[in-house]
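Report on one structure; see the data block that follows.
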Amino acid sequence: MSFGNTKLVLLFLMLSGFEVSATEGQMLFRIERSKDADEIWYTTNLNSDGSLNQDMPIKVFWVKKTENNGVEPLTRIQKRFSYGIKSMESANAEGDEWHFQLAAYQNRIFKLKRMADGQYKVFTASGTKEIALAQIFVKFDGGSFMFPSIAYAKLIGNESQSGIEISEVIIPDK
């Protein structure tokens, strides 16, 4: 993963109210945490010609709101155990849908899909409904750096058929 354009991304973040520019990738969803204001962003990973990178279609990075909105890559530990993408598989020959899991919670399948308008969205099942994921909020209740204790994770998105906002709270097994 390349972060050579970090200053350019930061400039766009500050000037556009935290919207990712089309040249840097489309915002898919973000993770907010109760620990601090820093966020983890998941965006499309674009090639230099603007096409989606077929080998790794999602780019994951920190937006450090506590540090003047700095943009930083995840550490190896964060990629492997918490915020990284555990597996990414193309779901069809057209290259417009991928299935993946997050490293910290492999019980949920997420789907990156190209929509009719050319934009991408991430979907997951919530009960019997499919939602377009917008954000995940993680509530911590102690633990340590290597073994945090999580009270719950809340998925927030819009039901794909009606557009109604849906949220789901996931309470981890203790």
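Explain nothing, just compute: Karplus ³J(HN,Hα) = 6.51 cos²θ - 1.76 cosθ + 1.60, θ = phi - 60°, for every residue of the range 118-133 in order, whole Hz, x for Gly and Pro.
Taking θ as phi minus 60°, the curve returns x, 7, 10, 9, 9, 10, 8, 7, 10, x, 9, 9, 9, 10, 8, 6 Hz for the range 118-133.
List every residue whose amide H lies under 5 Å from the amide H of Asp38, counting only residues 5 or more places away in sequence or on a different chain, with H placed 1.01 Å from N in the peptide plane.
Hits under the 5 Å cutoff: Lys65, Thr66.
I need Arg108, Arg33, Arg76 ordered by Cβ neighbour count within 10 Å, fewest first.
Placing the least packed residue first, the sequence is Arg76, Arg108, Arg33.
Using the Cβ atoms and a cut-off under 14 Å, what net charge is assigned to the surroundings of Phe137, where Lys and Arg are +1 and Asp and Glu are -1?
Summing Lys and Arg as +1 and Asp and Glu as -1 gives -2.
Quick query: amide H of Ala91 versus all other amide H atoms, modeled in the peptide plane; which residues come in under 5 Å with a sequence gap of 5 or more or a different chain?
Glu97, Trp98, His99
For P(r) over Cα pairs in 5 Å bins from 0, in percent, one of (i) 1, 6, 10, 14, 17, 17, 13, 9, 7, 4, 1, 0; (ii) 2, 8, 16, 22, 21, 17, 10, 4, 1, 0; (iii) 1, 7, 10, 12, 12, 11, 11, 9, 7, 5, 4, 3, 2, 2, 2, 1, 1, 0, 0, 0 was computed from the structure I shared and the rest are decoys. Which label?
So the calculated entry is the one marked (ii).
So what's the back-of-envelope 222 nm ellipticity for the chain, counting only DSSP H runs of four-plus at -39500 (n - 2.57) apiece and dividing by all residues, rounded to 500?
Helix contribution divided over all residues of the chain: -2500 deg cm²/dmol.
Taking every eigenvalue of the Cα gyration tensor of the range 75-165, multiplying by 5 and rooting it, what semi-axes result, largest first, whole Å?
Rounded to whole Å, the semi-axes are 26, 18, 10.
Quick one: Karplus J couplings for the range 138-147, per residue in order, coefficients 6.51, -1.76, 1.60, θ = phi - 60°, nearest Hz, x for Gly and Pro?
For the range 138-147, the Karplus curve yields 10, 9, 8, 9, x, x, 10, 4, 7, 9 Hz.
Name the residues whose placed amide hydrogens come within less than 5 Å of the amide hydrogen of Gln26, ignoring near sequence neighbours (fewer than 5 apart) on the same chain.
Residues meeting the amide H criterion: Thr44.
Could you give me the ³J(HN,Hα) list for the range 43-57, computed from phi with Karplus coefficients 6.51, -1.76, 1.60 and θ = phi - 60°, whole Hz, x at Gly and Pro?
10, 5, 9, 9, 6, 4, 8, x, 7, 6, 5, 6, 7, 9, x
Any read-out appearing in this document is the output of simple, stated calculations on the displayed coordinates, not a laboratory observation. Computed from a predicted model, the values in this text were never measured in an experiment. Virtual Cβ from ideal backbone geometry, glycine too; neighbours counted across all protein chains shown.
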